[in-house]
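Values quoted throughout were computed directly from the atomic coordinates according to the rules given, and no laboratory measurement underlies them. Everything quoted here is computed from the prediction, not taken from an experiment. Cβ: placed from backbone, ideal geometry, glycine included. Neighbour counts: every protein chain shown.
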């Protein structure tokens, strides 16, 4: 593990500034907030948490594959838009 990753996990996303004050990483805090919101949406939609989900290993793999496929499509759409604007 890289030094920065090791330090992150040792400090749990917090760092100390030059005055000795603990400082939170805004990017980490923003992502945590997004996860909290996403969790609420999922619980409302499916009526359960991921931890308590009745789905088995294979069903989770299928969902993961579908999400990753969607991600590659989003990446390609963004690339096409960027390429058309730069030409």
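Before moving on, here are some points about what is shown:
- Arranged from fewest to most other beta-carbon atoms within 10 Å of their beta carbon, 78, 43 become 78, 43.
- Sites residue 24 and residue 48 - FRET efficiency at Förster radius 35 Å, r taken between beta-carbons, to 0.05: 0.70
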